[in-house]
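Student: Below is one structure. I have some questions about it.
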Amino acid sequence: MRIGVFGGTFDPPHTGHVAVAEDARAHLDLDRVLLVPAHVSPFKTGESGITDPELRLRMTKAAVHGIPGLSVDRIELDREPPSFTVDTLRGLRKRTPDAELLLLLGADQWASFARWKDPEEIARLAEIVVMAREGTDPAGIDPGFEPGSEVPWSPLDVRRVDVSSTEVRQRVREGRSIEDLVPAAVARLIEENELYRAASAANTA
Ligand code: ATP
């Protein structure tokens, strides 16, 4: 089994997330890609107003519903926040000891990777794959390692979909359509739960 692990805040999940997860699955010959909503990302804990984790989980499930090989895993929601990737990979390794794990990151996340908890342990637990985002070639990014402490990684070219959750939240706040930015089922959940209408720290980030 080759399993892709794709973590994020998913507030909300959008078409970019779905597209790159599908591309990673196809190009890396993965049996499954797990989208893993963070309990609250360690880099976003300073913000208030991140959507309730269970609702982000529901939206993420709705985003991948019916897409072969893509599923959502609540492993981080069942642990106390903050969600550290190294702990998630340890948990997944324990659950599926024989699986090969591949950690899928967007290029923006790679830019701060040296500051993550235990990067070397992460690299022992999973193969690190960095996906191009919004035209940024991962090869041009400096993850910030001290000389000699670099970890192995490989770049992956994926479809370019210039969407971010920030843009989705902003459009909702401005009363504009998000039809082309999120799967229809996600748009329905946003509407039903009246998400992102008021400006908050997270909404303006
Ligand atoms: P925000 O705008 O709130 O920062 P985001 O759109 O970056 O959110 P996250 O949930 O933080 O979404 O991202 C989860 C993962 O998906 C990260 O690894 C991120 O780099 C990657 N990602 C998000 N959007 C894209 C995209 N359009 N193309 C490629 N990778 C993406």
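Student: Counting just the residues of region 96-132 that are among the small types (Gly, Ala, Ser) and within 17 Å of the chain's Cα centre (by Cα), which one comes out farthest from the ligand (Cβ to nearest atom)?
Tutor: Within region 96-132, the match that is farthest from the ligand (Cβ to nearest atom) is Ala126.
Student: In addition: Of all residues in region 126-138, which are hydrophobic (A, V, I, L, M, F, W, C) and either open to solvent by less than 20 Å² (accessible area, probe 1.4 Å) or part of a strand (DSSP E or B) (or both)?
Tutor: Residues satisfying the conditions are Ala126, Ile128, Val129, Val130, Met131.
Conditions tested, residue by residue: (1) more than 25 Å from Asp162 (Cα to Cα); (2) touching a residue at least 60 places away in the same chain (Cβ under 8 Å).
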{"site": "Pro81", "(1), (2)": "yes, no"}
{"site": "Phe84", "(1), (2)": "yes, no"}
{"site": "Leu92", "(1), (2)": "yes, yes"}
{"site": "Arg95", "(1), (2)": "yes, no"}
{"site": "Leu104", "(1), (2)": "no, yes"}
{"site": "Phe113", "(1), (2)": "no, no"}
{"site": "Glu120", "(1), (2)": "yes, no"}
{"site": "Arg124", "(1), (2)": "yes, no"}
{"site": "Val130", "(1), (2)": "no, no"}
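Student: A follow-up question, please. Report, by residue number, each residue of region 143-180 that is polar (S, T, N, Q) and within 23 Å of Ala126 (Cα to Cα).
Tutor: Ser149, Ser154, listed by residue number.
Student: Now, a different point. Any residue in region 72-95 that is within 11 Å of the ligand (Cβ to nearest atom) and over 17 Å from Pro155 (Cα atoms)?
Tutor: Yes, region 72-95 contains at least one residue that is within 11 Å of the ligand (Cβ to nearest atom) and over 17 Å from Pro155 (Cα atoms).
Student: While we're on this one: Specify the residue that is surrounded by the fewest Cβ atoms within 10 Å (Cβ to Cβ); the eligible residues are those in region 48-76 that are modelled with pLDDT of 95 or more and at positive phi.
Tutor: Step by step, filter region 48-76, then rank; the result is Gly66.
Student: Same structure, new question: Could you tell me which residue of region 184-205 is modelled with the lowest pLDDT, considering only residues that are assigned to a loop (DSSP other than H, G, I, E, B) and open to solvent by 30 Å² or more (accessible area, probe 1.4 Å)?
Tutor: Filtering region 184-205 for residues that are assigned to a loop (DSSP other than H, G, I, E, B) and open to solvent by 30 Å² or more (accessible area, probe 1.4 Å), the one modelled with the lowest pLDDT comes out as Ala205.
The values are calculated or read from the model by the stated rules, or taken from the named source; none is laboratory data. These numbers come from a predicted model, not from an experiment. Note: ideal-geometry Cβ built from the backbone for every residue, glycine included; neighbour counts use all protein chains shown. Just so you know, the surface numbers come from the protein's heavy atoms only, side chains and all, with ligands and any DNA or RNA stripped out. Shrake-Rupley method; radii C 1.70, N 1.55, O 1.52, S 1.80 Å.
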